[in-house]
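Encoded as structure tokens, the structure appears first; notes follow it.
Just so it is clear, none of the values below were taken in a lab; they were calculated from the coordinates. Bear in mind that the values here come from a model prediction, so they are computed numbers and not experimental data. Reconstructed Cβ throughout: ideal geometry from the backbone, glycine too, with neighbour counts over all protein chains shown.
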Amino acid sequence: MKKISILGSTGSIGTQAIDVLKNLKMEVLGLTAHSNIELLEQQIYELQPLVVAVTDHEKALELRRRLRTNLVETKVVSGIEGLIEVATLDEVDIVLTSIVGMVGLRPTVAAIEAGKHIALANKETLVTAGELIMPLAKQHGVMIYPVDSEHSAIFQCLQGNNAKEVEKIILTASGGPFRGKTINELRNVTLSDALNHPNWSMGKKITIDSATLMNKGLEVIEAKWLFDLDIKDLEVVVHPQSIIHSMVLYQDGSYMAQLGQPDMRVPIQYALTYPKRIKNNFQRLDFTGLKDLTFEKPDQGTFQCLQLAFDALARKGTQPTVLNAANEEAVNLFLNNQCSFLDIPEIILQSMDAHRNILEPTLDDILEVENWTRNFVKGRWSE
Ligand code: NDP
Ligand code: MG
């Protein structure tokens with residue numbers, strides 16, 4: 001029986017993964033949360049893991065006090081060290097990285113170094129350090145299975161084919177809640193407008209990223225590293241219905257696409273059961289009920305975050321780290337009503353322009369640049 005740790009088990013992906021696991025023969029050995037200890041406590045009684053980590057120290061103490069030790073023997077650890085302990089537990093075969101943000105970087109590196117396969121939802125890790133993560137995974141003989149729906153689609157379209165014969169990868173984007181709006185119309189959009197995604201129910205950070213199109217920008221960088229591609233071979237197409245999850249064009253003119261309901265449990269399951277496809281009862285597509293499948297060009301003039309991601313990728317080095325960290329800070333400001341929607345790309349652009357790029361960075365360089373970026377944004381934009 002395969003054994004798994006779930007980093008970020010209380011989040012949107014984490015909870016859906018636990019749902020998927022009900023149908024799989026896998027044992028959960030480790031879980032982690034940041035603040036939601038009420039939900040983590042329920043998960044502990046249900047799944048009886050060996051160890052759980054709570055990154056917030058106070059909350060970890062509170063959980064230790066609450067936990068009914070007559071029911072479970074789960075150990076509670078805390079902080080980033082706790083996350084790393086859960087990510088590297090001896091018997092674990094695969095780690096699902098479903099925490100949000102580049103805080104996932106160190107536990108992911110530790111898991112790879114401990115020889116664990118990775119089911120990767122935490123795209124920020126690959127955006128900020130793909131240049132280090134992919135060779136590290138190769139060196140340790142571990143697989144990185146994509147959970148992100150677009151990357152799972154591409155991964156599925158590549159099965160049984162020769163990656164050398166790929167001409168282009170086409171990432172589909174829903175366009176988010178503001179598709180079709182002009183810059184002027186975006187000036188006054190509110191937080192609740194931005195949190196209202198048309199097709200997917202997700203955590204707040206990625207929902208804002210979807211509204212700015214930064215999510216697609218991060219995914220372009222994620223795809224570059226996962227599939228070892230050149231920027232020129234990556235294209236983004238807006239497909240508002242989110243039925244085609246992405247496509248691969250081969251050099252003979254054939255397109256392979258992966259389709260399905262917008263349901264993250266499908267790519268989560270494939271990442272956990274690859275190469276097997278296990279029967280489930282998730283909702284199937286009704287093709288005759290689909291009215292239109294439409295496609296349009298992304299509006300990179302209005303949604304500048306997507307262009308900024310392409311720029312960061314072209315500039316290489318630590319620019320993607322700055323892009324990602326500045327975006328995390330900007331999204332936080334926006335979520336706290338401390339900046340406007342259109343300030344988000346402005347904050348990122350200013351950070352990227354102020355940064356002195358480091359080519360071929362080490363992990364320490366990346367962590368330092370992350371700190372620099374967060375301080376730069378806080379210094380300029382926080383009251
Ligand atoms: P959520 O916000 O729903 O969940 C985030 C998880 O990370 C929670 O378990 C949360 O704990 C934990 N967490 C938050 N902050 C920290 C921190 N500082 N240190 C450690 N853990 C922390 O996010 P999602 O599930 O939506 O997204 C998770 C990742 O998956 C992201 O990288 C996202 O881009 C990616 N992804 C998500 C998709 C989706 O459909 N949701 C689709 C594709 C990719 P707590 O709740 O206890 O505070
Ligand atoms: Mg996605």
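At a glance:
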| read-out | value |
| --- | --- |
| Charge dipole (debye, nearest 20) of the stretch 22-108; +1 at Cβ of Lys and Arg, -1 at Cβ of Asp and Glu | 180 debye |
| Set of aspartates and glutamates with alpha-carbon distance to K378 below 17 Å, sequence-local pairs under 8 removed | E328, E329, D343, E346, D353, E368, E370 |
| Diffusion coefficient, µm² s⁻¹, Stokes-Einstein with Kirkwood Rh over alpha-carbon pairs of the stretch 248-383 at 4 °C and 1.567 mPa s | 70 µm²/s |
| Karplus-derived HN-Hα couplings along the stretch 361-370 (A = 6.51, B = -1.76, C = 1.60, θ = phi - 60°), whole Hz, x at Gly and Pro | x, 8, 4, 4, 4, 4, 5, 5, 5, 4 |
| The stretch 118-237: translational diffusion in µm²/s, Stokes-Einstein, Kirkwood Rh over Cα pairs, 4 °C, 1.567 mPa s | 83 µm²/s |
| Residues whose placed amide H lies under 5 Å from that of V77, excluding near-sequence neighbours | V52, A53, V54 |
| Antiparallel bridge percentage (DSSP; both residues within the chain; nearest 5) | 30 percent |
| Beta bridges by DSSP in the stretch 1-67, antiparallel share as percent, to the nearest 5 | 0 percent |
| Residue-averaged [θ]222 nm for the chain, counting only DSSP H segments that reach four residues, each worth -39500 (n - 2.57) | -14000 deg cm²/dmol |
| Largest-first principal axis extents of the Cα set of the stretch 224-302 (Å) | 40, 33, 30 |
| Under 22 Å from K59, Cα to Cα: lysines that are on another chain or at least 8 residues apart | K75, K204, K205 |
| Compactness of the chain - radius of gyration and Dmax, Cα, Å | 20.3, 63 |
| Tensor-based shape of the stretch 2-100 (alpha-carbon gyration tensor, a/c under 1.5 rounded, otherwise prolate or oblate) | rounded |
| Backbone HN-Hα couplings from phi across the stretch 59-68 [Karplus 6.51/-1.76/1.60, Hz, Gly and Pro as x] | 5, 5, 4, 4, 5, 4, 5, 7, 4, 7 |
| Cα centroid separation - the stretch 39-93 against the stretch 174-204, whole Å | 36 Å |
| Per-residue ³J(HN,Hα) for the stretch 162-169, Karplus 6.51 cos²θ - 1.76 cosθ + 1.60, θ = phi - 60°, Hz, x for Gly and Pro | 9, 4, 5, 8, 6, 9, 7, 10 |
| For the stretch 150-203, projected area of the alpha-carbon convex hull averaged over all directions, nm² | 5.6 nm² |
| Nonlocal amide H pairs with C339, under 5 Å, H built at 1.01 Å | F334 |
